[in-house]
Amino acid sequence: MRRKPAAPALRVGIVTLAPGMFGSVLAEGLPGRAIRAGVLAVGFANPRDFSHDPRRHVDARPYGGGPGMVLMPGPLAAAIRSVASKGSWVAGLSPRGKAFDAAAAARLAAKKKLVLVCGRYEGIDERVCERFDEEISIGDFVLSGGEIAAMAVLDAVARLLPGAMGNAASAAVESFGGGLLEYPQYTRPRVWRGKRVPAVLLSGNHARIEAWRRRRQLELTRKLRPDLLLASKSSKV
C-alpha cells in the first residue's frame, strides 16, 4: 500500500498584486527546495481577482486628501480569506511593523499556516490592517511594495523548517542564531594572495577550534554590531 505523503510543516499564502515577482525565489531559492522537499507549501491570491470593477481596480484615493492611492478593503480582504483558514496567522508587511529578526523567523516557522499580505501604493485601508495578527518590517526604509519584504521573510522562515536545508546544523550556527554574528569561514586554498587560513582551523583540535570561533564571534559582533551585545547574555572574550 502506497504511503500517504506527509503534510507540509508550513503552508504560506501570499496576498500580492505581483505574484510573478516570486517566480525566481521559488524556482531557485531555498523556499523552492523546501517546497520540493514537501515541508513547505506556498499559494498566492491577487486582490485584482476579487475586484468587482470591470477594470479590476483595487485602489482608490484616500479620504481626507493626500497623495497616492490606497488599497481598498473589499478585494484585499477577500483575497486574504481565499488563502487563510482556521488557525492561519496573518501578517502584513509594513514599514510601521515590528522589526523582523531571527527570533521572529523562528516564531513564524513554528506556525502551521501563515498568510503574508503585501501592501502597495500609499498603503492599505486601516480597517483591514486592524484584522492582522501582526505587522512586520524588514527595516526602516520604504519599498514600492511588500513583495521584497515577503520574499525575505519567506526565505528566513523556510530555512528553519525541518528537512529544508541539506545540513540542519547550518541554521543553528548562522549569524544571529545565538544573538551574535557568525564566526569567519575559510576554505581552499590554504594560502590565497598571501593570506593564510588561521592555523588553529588546520589543527584538528576541536576544542581549540570551538574556542577560537567563539572569540571571533564576540570580536566581530563587538566591532560590527555592538548593539547585539547589549542583548547577548555573554559578552566576554
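Among the residues of the stretch 89-111, the ones that are surrounded by fewer than 19 Cβ atoms within 10 Å (Cβ to Cβ) and either acidic (Asp, Glu) or part of a loop (DSSP other than H, G, I, E, B) (or both) come to 3 in all.
The set of residues from the stretch 99-134 being more than 13 Å from the chain's Cα centre (by Cα) and of a type in the set (Asp, Glu) comprises 122, 125, 126, 130, 133, 134. Of all residues in the stretch 112-140, those satisfying the criterion of being in a helix (DSSP H, G or I) and either of a type in the set (Val, Ile, Thr) or in contact (Cβ under 8 Å) with a residue 12 or more places away in the chain (or both) are 127, 128, 129.
Which ones in the stretch 1-23 are within 17 Å of the chain's Cα centre (by Cα) and modelled with pLDDT under 95? If you could, list the steps in order and put the result at the bottom.
Taking the stretch 1-23 as the starting set, the residues that turn out to be within 17 Å of the chain's Cα centre (by Cα) are 9-16, 19, 21-23.
Passing the criteria: none in range.
The residue of the stretch 141-157 that is farthest from residue 100 (Cα to Cα), among those that are among the β-branched types (Val, Ile, Thr) and part of a helix (DSSP H, G or I), is 148.
When you look at residue 82, is it small (Gly, Ala, Ser), touching a strand residue (DSSP E or B) at 6+ places or on another chain (Cβ under 6 Å) and in a strand (DSSP E or B), yes or no? Step through it out loud before you land on a result.
Details: small (Gly, Ala, Ser): yes; touching a strand residue (DSSP E or B) at 6+ places or on another chain (Cβ under 6 Å): yes; in a strand (DSSP E or B): no.
When the stated conditions are applied, residue 82 does not pass them.
If you go through the stretch 53-69 one residue at a time, do you hit one that is surrounded by 19 or more Cβ atoms within 10 Å (Cβ to Cβ) and closer than 17 Å to residue 157 by Cβ? Checked the stretch 53-69: no residue is surrounded by 19 or more Cβ atoms within 10 Å (Cβ to Cβ) and closer than 17 Å to residue 157 by Cβ.
Here is a list: 62, 54, 75, 67. Which entry is touching a Lys or Arg at 6+ places or on another chain (Cβ under 9 Å), not polar (S, T, N, Q) and not in a strand (DSSP E or B)? The unique qualifying residue is 75. In the stretch 18-47, the residues that are over 22 Å from residue 88 (Cβ atoms) reach residues that are of a type in the set (D, E, K, R) and in a loop (DSSP other than H, G, I, E, B) with C-beta atoms within less than 8 angstrom, at least six apart or across chains, in these pairs: 30/159.
Okay, residues lined up against (1) modelled with pLDDT of 95 or more; (2) under 30 Å from residue 164 (Cβ atoms); (3) of a type in the set (Asp, Glu):
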{"site": "38", "(1), (2), (3)": "yes, yes, no"}
{"site": "44", "(1), (2), (3)": "yes, yes, no"}
{"site": "64", "(1), (2), (3)": "yes, no, no"}
{"site": "67", "(1), (2), (3)": "no, no, no"}
{"site": "77", "(1), (2), (3)": "yes, no, no"}
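Take the conditions under 30 Å from residue 24 (Cβ atoms), surrounded by fewer than 13 Cβ atoms within 10 Å (Cβ to Cβ), modelled with pLDDT under 95 and not aromatic (Phe, Trp, Tyr) and apply them to residue 166. Does it pass? Against the criterion (under 30 Å from residue 24 (Cβ atoms), surrounded by fewer than 13 Cβ atoms within 10 Å (Cβ to Cβ), modelled with pLDDT under 95 and not aromatic (Phe, Trp, Tyr)), residue 166 qualifies.
The values are calculated or read from the model by the stated rules, or taken from the named source; none is laboratory data. If you're wondering where the values come from, they're calculated on a predicted model, not measured in any experiment. Please note: Cβ atoms are built from the backbone with ideal geometry, for glycine as well, and neighbour counts cover all protein chains shown.
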